[in-house]
1. Return yes or no: is Asp22 in contact with a Ser or Thr (Cβ under 9 Å, 6 or more places away or on another chain), of a type in the set (Asp, Glu), part of a loop (DSSP other than H, G, I, E, B) and over 19 Å from Ala112 (Cα atoms)?
2. If you go through the range 37-66, how many residues are at pLDDT 95 or above, surrounded by fewer than 16 Cβ atoms within 10 Å (Cβ to Cβ) and either closer than 18 Å to Lys109 by Cα or within 12 Å of the chain's Cα centre (by Cα) (or both)?
3. Taking only the range 57-79 into account, find how many residues are over 30 Å from Asp22 (Cα atoms) and free of Cβ contacts under 8 Å to residues at least 12 places away in the same chain.
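The values are calculated or read from the model by the stated rules, or taken from the named source; none is laboratory data. Computed from a prediction, not measured in an experiment: that's the story for all the values here. FYI the Cβ positions are ideal-geometry reconstructions off the backbone, even for glycines, and counts take in every protein chain you see.
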Amino acid sequence: GVKKNSYSFITNKIDLELNNLDYNVLTDKKWILYILDQIINNAIKYSRENGKVEIYSNEDEKIINLHIRDNGIGILQEDIERVFNKGYTGTNGRAKTYKSTGMGLYFSKKMADKQVIK
């Protein structure tokens, strides 16, 4: 996901910080890359120029947690419970500045559920 979006990181002048990503995870490579690409793409899309995206992981018992954090515009509290709904773009996604279909996170959630990824 990071390599595929490298051009966007550069052109949008977004700082990328990668930490503690030395885990091996057994999953479907195609779908995990799709999911990561969607989330990273959103982090870039909704970040301002000179923004920052952090990708890091940690282990909690036998679970590996991958975190993708940005300092973009964020998701309004009233939109959070619906961001994975089909076609839902949220208040920020409907702004003229951003092109959103509301399908990226919807499909990502569907694929994550099939792969037992939370």
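1. On the way: in contact with a Ser or Thr (Cβ under 9 Å, 6 or more places away or on another chain): yes; of a type in the set (Asp, Glu): yes; part of a loop (DSSP other than H, G, I, E, B): yes; over 19 Å from Ala112 (Cα atoms): yes.
Answer is yes for this residue.
2. 1
3. Of the residues in the range 57-79, the ones over 30 Å from Asp22 (Cα atoms) are 76-79.
Now restrict to residues that are free of Cβ contacts under 8 Å to residues at least 12 places away in the same chain: 77.
Matching residues across the range 57-79 total 1.
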